[in-house]
């Protein structure tokens, strides 16, 4: 007969895995946005002509320096969000590892 606490721990491990998958998807989205920002920054550095930014359905001329500052701000925010996701991911991994060890110990005890 299976111990209900073992079942609860297994269910908790499954929930942690689901949360980790959700975090991973969100982190990948932000990493993709970060790549776009870095590419835009590189292209902006190469450009010699006028620079424009899109606001809603219109394109407005903007100084190269303003665009560069906006992109750098976006990059900082995205970097911070990615680091936050990585910290959450590490905490969840540690919690899952601990629960897995507890389940293994509980199952060994039940076997004896």
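For the reader, a short list of remarks on this structure follows.
- When residue 82 is tested against (1) part of a helix (DSSP H, G or I); (2) closer than 20 Å to residue 33 by Cα; (3) over 19 Å from the mean Cα position of the chain (by Cα), exactly one condition is not met: (3).
- Filter result (farther than 19 Å from residue 74 by Cα and either within 10 Å of the chain's Cα centre (by Cα) or assigned to a strand (DSSP E or B) (or both)) within region 22-58: 22, 23, 24, 25, 58
- For region 3-20, taking the residues that are in contact (Cβ under 8 Å) with a residue 40 or more places away in the chain and over 13 Å from residue 95 (Cβ atoms), the one that is surrounded by the fewest Cβ atoms within 10 Å (Cβ to Cβ) is identified as 5.
- Verdict on residue 95 being closer than 23 Å to residue 25 by Cα, crowded, with 16+ Cβ neighbours inside 10 Å and in contact (Cβ under 8 Å) with a residue 40 or more places away in the chain: no
- Of all residues in region 52-74 being within 25 Å of residue 31 (Cα to Cα) and in contact with a strand residue (DSSP E or B) (Cβ under 6 Å, 6 or more places away or on another chain), the one that is surrounded by the most Cβ atoms within 10 Å (Cβ to Cβ): 67
Conditions (1) closer than 30 Å to residue 14 by Cα; (2) at pLDDT below 95; (3) out of contact with any helix residue (DSSP H, G or I) (no Cβ under 8 Å at 6 or more places or on another chain), marked per residue:
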residue: 28; (1), (2), (3): yes, no, yes
residue: 50; (1), (2), (3): no, yes, yes
residue: 53; (1), (2), (3): no, yes, no
residue: 61; (1), (2), (3): no, yes, yes
residue: 65; (1), (2), (3): no, yes, yes
residue: 87; (1), (2), (3): yes, no, yes
residue: 93; (1), (2), (3): yes, no, no
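- Residue within region 69-87 that is under 30 Å from residue 7 (Cα atoms) and without any contact (Cβ under 8 Å) to a residue 40 or more places away in the chain present: yes
The values are calculated or read from the model by the stated rules, or taken from the named source; none is laboratory data. Because the structure is predicted, anything quoted here is derived from the model rather than measured. Every residue, glycine as well, gets a Cβ built from its backbone with ideal geometry; the counts of neighbours run over all protein chains shown.
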